[in-house]
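Right, one structure below, let's go through it.
The values are calculated or read from the model by the stated rules, or taken from the named source; none is laboratory data. Quantities reported herein were computed from a predicted structural model and do not represent experimental measurements. Here Cβ is always computed from backbone atoms with ideal geometry, including for glycine, and neighbour counts include all displayed protein chains. These area figures cover heavy atoms from the full protein model, side chains too; ligands, DNA and RNA do not enter into them. Shrake-Rupley method; radii C 1.70, N 1.55, O 1.52, S 1.80 Å.
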Amino acid sequence: MGFEFHAAFLIFIIIPPLIYFVHFRKNRGGKIIFSFEIWKGKGFYPRFSIRKFLYFISYGLLWICFCCLIFALAGPVKIERHKVYLQKGIDIMIVLDESLSMLAQDFTPKNRFTTAKRVINDFIKGRENDQIGLVSFSEEAVLRVPATIDYPLLLDTLDKLDVSALKDGTAIGMGISLACLHLQYSTAQDKVIILLTDGENNAGDIEPEKAALVADELGIRIYTIGMGQEEAYMEYIDPDTGKTVTGVYMEYKDPNSGELIRGVYSGKFDEKLLRTIAEISGAKYFHASNTGTLNQIFEQIDLLEETEKRIKINVDKAELYREFILTGLIFFFISFFIRKIILKELL
Amino acid sequence: MEIEYPYVLWLLILTVPFTIFFFFRYERNKDLLKELIGSWRFDTFSNVFMVKVFFYILSGNLFLIFLILSMAGIKFGTKLEEEDRTGYEIVFALDISKSMMARDVYPTRLYRAAEEIKLFMNNMPDTSFGLVLFKGEALRIIPLTEDIHSITMVLDNVKTDLISAPGSNIEKGINAALETFQEAGRFKLIILFTDGEVLDGNALDKAHFAGTQNIPIIPVGMGTNRGVRIYLDNGDIVRDKNGEPVETKINMELLEEIAKLSNGKMYLYNKVQEIEKDLFYILRNLEPGEWDKNLKLTGNDIHDAFLLLSIIFLFFSFLIRGWRWKNVI
């Protein structure tokens, strides 16, 4: 909190002499003088009583009221500083695979999908002034959040994302195309897509390479991240067939029936395709084999897409004088009540 | 002259009981004074007492009056200040209550509102737009974004049943729009598409609040003054609980009041394209004319003058009590 008109505090100078004038000056008004020479005794000195205490309180409140008004006159303000960016940031669309295979439990602490969400969450929180959007895809692609500065809404939507929302299948081309559609009119200095997937393109009407060409024409770079590591696959025995299956364990809870479905995911992402997509658009391909490498990849992308930020600080001032006046008014009326109603002051 | 908080002036009523209290107590206090000082010198004291009581009441009332006036946010005259905001953030608050299916605006009020929003966005590049839908509740459908395509996709499929809560609550619509704004240093504006038929909430209070936050509201009146029935998609007519067909018409008074309280301006549905031309002046509280684009018009706040006067009269009230008249022993 600050004050805009410090000169108003000079009024405090008159308070001590005023207190003396009202309460202590020998010939002050409001006193009634009695002659007691005839009795030649001591004067009247009332001992401490509740009345004297109330008198002290009532005048104390009145002086506090006076002080509150002086503070109000001094222009109290609540100061808030806001960062204002003088230049637009970049626009980023995160395209996240939410097919069932993302439930594979080779990424700690839980599975590929929750790890991806957590890492993306940290990435978003580390950005400033960049409009970030979210597209998710499995058999179909859906725009979840358009590119926006509203990070709380974006993070909330990301948190609520679930792999069971769309059908199974991996439509990488559709995911890229949808992201391009929502970035095409962007006026940002740079436009970027970050694509995370663990599978091959096996759904959708648009081929990923063609989508990448469109992105390149629109000046959009596509970072591709392939999740999973075949070397970490283990052998399991299928309980239905008795055959050996090599892959990674996954669990899926059907939201309709509540049934827990267990299985082994044997698929892998198409590394060649992801490399091609990245190269066409002039960006990079990354391989995330575990949680640690996924974190590092996003840190690297964060550095690669670092932009110069020109900012100015706007200072907003919220006036607080009404609060001081209202407090003073309340003290005045309490003081008035005590003096005139309880103590029955004549003037 | 402009008063920011006119309801504060109701506190001026306090001066009445304040004055009445002293009048009622005057005779009683005089009698008490006579008892205390003795009848032999009462005449001298009574004149002084009467004068002091009069001036005490006067200074006390003036103290209260000026104090209350200082709280009311009175602005007298205008001044030009530097405007340091750039860029626009515009949130559309679209009414999707059943009355928006009326056909006094071709083909329906809702459809026409959606079309006008799409046209408006196309003419405003480098602007962030957001979309809020409201009925009995409000929903922020699209956060602020430059991706007008995402807003267009929603508008192409907008229906009255996107929100289940029945009713028409403009206050909630404005509130959701206010919560959508993000960045400091940008011009913020709410464009409210509605017929003004309110069933719940206090839209005017919220409009006043938006005005205090420098966020003007531009109500776009969807409808006409002719009372028309509401037809649903299946051809049924909307009826009230008595089975009578409901008739709807635009509530111009409410929309004009919302605009006034928030320092905005009201437009009819067929004048939406004029908003873009007037935006510069509305956001800076200026009248159309030649103004430097880095200036804005604000009112001169004179609360400190009233506050100083109230402090002076409080000071006088202390002096009146404490001053000893020289004609009195």
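Data overview
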| quantity | calculated |
| --- | --- |
| Some residue of region A:224-236 being over 17 Å from residue A:97 (Cα atoms), open to solvent by 80 Å² or more (accessible area, probe 1.4 Å) and not in a helix (DSSP H, G or I) | yes |
| Selection count, region B:24-79, where residues are of a type outside the set (Phe, Trp, Tyr) and outside any helix (DSSP H, G or I) | 8 |
| Search result, residues across region B:80-126 that are assigned to a helix (DSSP H, G or I), open to solvent by less than 50 Å² (accessible area, probe 1.4 Å) and within 14 Å of another protein chain (Cβ to nearest Cβ) | B:118, B:121 |
| Some residue of region B:156-163 being open to solvent by 10 Å² or more (accessible area, probe 1.4 Å), farther than 16 Å from residue B:187 by Cβ and within 23 Å of the chain's Cα centre (by Cα) | no |
| Residues within region A:315-328 that are touching a helix residue (DSSP H, G or I) at 6+ places or on another chain (Cβ under 6 Å) and either at the interface with another protein chain (Cβ under 8 Å from one of its Cβ atoms) or open to solvent by 70 Å² or more (accessible area, probe 1.4 Å) (or both), tallied | 4 |
| Pairs where the first residue, in region A:317-344, is within 22 Å of residue A:73 (Cα to Cα) and the second is open to solvent by 60 Å² or more (accessible area, probe 1.4 Å), C-beta under 6 Å, 6+ apart | A:317/A:79; A:318/A:78; A:320/A:78; A:324/A:71; A:331/A:64 |
| The one condition in (1) part of a loop (DSSP other than H, G, I, E, B); (2) in contact with a Pro (Cβ under 9 Å, 6 or more places away or on another chain); (3) within 14 Å of another protein chain (Cβ to nearest Cβ) that residue A:189 fails to fulfil | (2) |
| Residue in region A:273-314 that is farthest from residue A:220 (Cα to Cα), counting only those that are without any contact (Cβ under 8 Å) to a residue 40 or more places away in the chain and open to solvent by less than 50 Å² (accessible area, probe 1.4 Å) | A:292 |
| Single condition residue B:35 does not satisfy, out of (1) under 28 Å from residue B:319 (Cβ atoms); (2) open to solvent by less than 20 Å² (accessible area, probe 1.4 Å); (3) charged (D, E, K, R) | (2) |
| Enumeration of residues in region A:237-257 that are under 22 Å from residue A:102 (Cβ atoms), exposed (fewer than 15 other Cβ atoms within 10 Å of the Cβ) and either of a type in the set (D, E, K, R) or in contact with a strand residue (DSSP E or B) (Cβ under 6 Å, 6 or more places away or on another chain) (or both) | A:238, A:246, A:251, A:253, A:254 |
| Residue in region A:61-81 that is within 14 Å of another protein chain (Cβ to nearest Cβ), β-branched (Val, Ile, Thr) and within 30 Å of residue A:347 (Cβ to Cβ) present | yes |
| Region A:5-46 - residue that is of a type in the set (Val, Ile, Thr) and open to solvent by 60 Å² or more (accessible area, probe 1.4 Å) and, of those, modelled with the highest pLDDT | A:13 |
| Subset of region B:152-179 (residues that are within 14 Å of chain A (Cβ to nearest Cβ) and out of contact with any Gly (no Cβ under 8 Å at 6 or more places or on another chain)) | B:152, B:153, B:154, B:155, B:156, B:157, B:176, B:178, B:179 |
| Complete set of residues in region B:216-252 that are in contact with a Phe, Trp or Tyr (Cβ under 7 Å, 6 or more places away or on another chain) and closer than 23 Å to residue B:278 by Cα | B:218, B:220, B:221, B:222 |
| Unmet criterion (only one of (1) closer than 30 Å to residue A:87 by Cβ; (2) open to solvent by less than 60 Å² (accessible area, probe 1.4 Å)) for residue B:197 | (1) |
| Selection count where residues are in contact with a strand residue (DSSP E or B) (Cβ under 9 Å, 6 or more places away or on another chain) and either open to solvent by 70 Å² or more (accessible area, probe 1.4 Å) or more than 16 Å from residue B:206 (Cβ to Cβ) (or both), scope region B:252-262 | 2 |
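So that you can scan it fast, the table gives a plain yes or no per residue for (1) among the aliphatic types (A, V, I, L, M); (2) free of Cβ contacts under 8 Å to residues at least 24 places away in the same chain; (3) not in a loop (DSSP other than H, G, I, E, B):
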{"position": "B:243", "(1), (2), (3)": "no, yes, no"}
{"position": "B:254", "(1), (2), (3)": "yes, no, yes"}
{"position": "B:260", "(1), (2), (3)": "no, yes, yes"}
{"position": "B:276", "(1), (2), (3)": "no, no, yes"}
{"position": "B:280", "(1), (2), (3)": "no, yes, yes"}
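Residue by residue, here is whether (1) open to solvent by less than 30 Å² (accessible area, probe 1.4 Å); (2) farther than 30 Å from residue A:311 by Cα holds:
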| position | (1), (2) |
| --- | --- |
| A:52 | no, yes |
| A:91 | yes, no |
| A:95 | yes, no |
| A:107 | yes, yes |
| A:110 | no, yes |
